[in-house]
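The values are calculated or read from the model by the stated rules, or taken from the named source; none is laboratory data. Keep in mind the model is a prediction, meaning the values are calculated, not measured. Reconstructed Cβ throughout: ideal geometry from the backbone, glycine too, with neighbour counts over all protein chains shown.
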Amino acid sequence: RAADAGQPPAQFYLGMEYFYGRGVPRDLAQAYSWCDIALSNGYSESLSCRDTVALQMSSQDRRRAAQLTADFFRTHEFRN
């Protein structure tokens, strides 16, 4: 809920959870998206997360991550 509410540290940690599959199914598109959202919201620590995830992503993962990120910012009016 904190990630969805716009808290960049929570967004970063949710991205890490998706990357490692801790508490959620492993999902590289979700991991990249949440780390990218956190980075866009000023949480610079998420840069290494995003770049590490990107190394393992397929082109389909990349397209899905871009869509997830775009959907998030389209449906959330805030930007930290």
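Observations on the structure shown:
- Subset of the stretch 1-19 [under 11 Å from Leu68 (Cβ atoms) and surrounded by fewer than 19 Cβ atoms within 10 Å (Cβ to Cβ)]: none
- Qualifying positions in the stretch 1-22 - touching a helix residue (DSSP H, G or I) at 6+ places or on another chain (Cβ under 6 Å), at pLDDT below 95 and of a type in the set (Gly, Ala, Ser): Ala2, Ala3
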